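Student: Quick one: the structure is below, and I'll ask about it shortly.
The values are calculated or read from the model by the stated rules, or taken from the named source; none is laboratory data. In this text, all values refer to a predicted model and were calculated from it rather than measured experimentally. Here Cβ is always computed from backbone atoms with ideal geometry, including for glycine, and neighbour counts include all displayed protein chains.
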Amino acid sequence: MDALTRMILEEYDEIHDNCLLLEKIVGEKLNDILRRNDVHMTHITHRVKTRDSLEGKLVRKSGKYHSISDLTDIVGFRVICYFSDQVDVAAGLLAQEFVIDGENSVDKRKLIAPNTFGYLSLHYICRLKESDEYPKELCDISFEVQLRSMLQHTWAEIEHDLNYKSQLAVPREIRRDFAKVAGLLEIADSYFLNIKNELSEYETMVKDSIREGKGDALTLNRVTLSEFMDHDPSITKLTEDIAAISGAVLRQVPCEDMLPQLQFFGVDTIADLKEFIRTGSDMAMEMAEKTLRDSEIDELISTVAFYYLFRAHLVADDLYESDIAEFFRISGMKKDRIDRQVKKIMSLKGKG
């Protein structure tokens with residue numbers, strides 16, 4: 001080991017405890033600012049480079065580094081976002097929160113030639129902003145934050161596992177296969193982002209249509225049903241009236257589980273749903289009155305109106321015993337409970 005390497009390792013030993021403290025502080029700040037700003041990420045990883053790892057790097061790149069301050073990745077973080085646009089959002093937040101070393105930071109996404117594919121990632125070299133909150137010695141230590149989308153991370157991890165970069169003479173066929181896969185991942189990243197944006201636009205359109213009373217032609221799905229339940233007076237009033245019978249509060253639950261049951265009744269659009277509610281609400285209220293009046297129930301789920309609407313239509317509609325059993329089957333009930341529910345409905349129909 002040469003004298004320069006030994007000196008840098010000694011400097012590393014001196015700052016090691018501060019590096020561990022910096023890792024903890026920055027890790028907490030990253031989680032806080034990214035989650036607070038709704039950056040959709042899968043996870044954040046971090047580490048302090050070990051002494052052995054640092055020594056190996058100094059030996060491999062002998063003469064490149066002259067002091068520990070030349071090494072900007074002793075403390076490292078990796079932020080994995082779901083979508084590529086979130087990488088830029090996260091980068092903007094980092095620029096607000098930390099001091100960015102623009103000279104040593106690199107956007108590897110811009111280094112890829114336009115006719116090639118490969119490793120795409122954004123590397124920021126950062127420092128804490130000097131303030132009374134942190135000791136000065138922590139603010140003097142640089143740390144690296146790598147920002148990637150999930151598919152960019154997939155590419156980098158597979159490439160690393162195959163040790164592709166270290167091969168000096170890779171056959172042309174294998175190089176072409178790598179380029180093909182990298183291209184597919186980059187295209188997939190782009191398509192996922194397009195899908196996310198299209199879904200966002202669709203949700204905005206649905207919200208506007210339903211709130212303006214112009215959504216009758218919309219097909220029922222998770223988005224349209226959720227917006228309908230939140231904003232259409234036909235269902236919000238029925239739900240509130242049912243809750244008021246016992247003075248219960250409503251606990252919000254997802255509504256998409258109602259979709260197969262609505263489909264069973266042939267309810268496929270918002271217009272169908274409005275008609276389903278109109279024709280079943282009176283009987284649904286009667287049933288709710290019988291079960292909830294004088295009860296001690298103080299909490300109901302937000303889809304409670306459908307519970308009674310479904311039973312109102314099971315009683316009122318022209319359905320066979322086998323049809324009713326099928327409804328409870330798709331509702332997820334077990335056979336013994338299905339049999340009891342069918343008997344109850346048939347009794348209410350006056351056929352039991």
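Student: With respect to the numbered conditions (1) surrounded by fewer than 19 Cβ atoms within 10 Å (Cβ to Cβ); (2) farther than 18 Å from LEU273 by Cβ; (3) outside the structural domain of SER281 (by TED's automatic domain parsing), which one is the sole condition not fulfilled by GLU299?
Tutor: (3)
Condition check ((1) surrounded by fewer than 14 Cβ atoms within 10 Å (Cβ to Cβ); (2) within 30 Å of GLY183 (Cα to Cα)) across all residues:
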site: ASP2; (1), (2): yes, no
site: ASP13; (1), (2): yes, no
site: LEU22; (1), (2): no, no
site: LEU34; (1), (2): no, yes
site: VAL48; (1), (2): no, no
site: GLU55; (1), (2): no, no
site: HIS66; (1), (2): yes, no
site: GLY92; (1), (2): yes, yes
site: GLU103; (1), (2): yes, yes
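Student: Can you name the number of the only condition in (1) out of contact with any helix residue (DSSP H, G or I) (no Cβ under 7 Å at 6 or more places or on another chain); (2) surrounded by 12 or more Cβ atoms within 10 Å (Cβ to Cβ) that CYS81 fails?
Tutor: In the conditions (1) out of contact with any helix residue (DSSP H, G or I) (no Cβ under 7 Å at 6 or more places or on another chain); (2) surrounded by 12 or more Cβ atoms within 10 Å (Cβ to Cβ), CYS81 misses (1) alone.
Student: Follow-up. So which of ALA217, ALA179, ALA188 ends up being in contact (Cβ under 8 Å) with a residue 60 or more places away in the chain and farther than 28 Å from LYS49 by Cβ?
Tutor: Only one candidate qualifies: ALA179.
Student: Also, I was wondering about something else. Could you please find all residues in the stretch 228-280 being closer than 16 Å to LYS207 by Cα and of a type in the set (Val, Ile, Thr)?
Tutor: Result: ILE235, THR236, THR269, ILE270.
Student: Kindly indicate whether LYS180 is part of a helix (DSSP H, G or I), modelled with pLDDT under 75 and over 21 Å from the mean Cα position of the chain (by Cα).
Tutor: no
Student: When the residues of the stretch 215-251 are filtered to those that are small (Gly, Ala, Ser) and in a helix (DSSP H, G or I), which remaining residue is surrounded by the most Cβ atoms within 10 Å (Cβ to Cβ)?
Tutor: Only one residue fits best here, namely ALA243.
Student: Just one of PHE276, PHE327 is of a type outside the set (S, T, N, Q), in contact with a His (Cβ under 8 Å, 6 or more places away or on another chain) and under 20 Å from GLU256 (Cα atoms); which is it?
Tutor: Selected residue: PHE276, the only one of PHE276, PHE327 that is of a type outside the set (S, T, N, Q), in contact with a His (Cβ under 8 Å, 6 or more places away or on another chain) and under 20 Å from GLU256 (Cα atoms).
Student: Looking at (1) under 19 Å from CYS126 (Cα atoms); (2) within 25 Å of the chain's Cα centre (by Cα); (3) modelled with pLDDT of 90 or more, which is the one condition that is false for SER67?
Tutor: (2)
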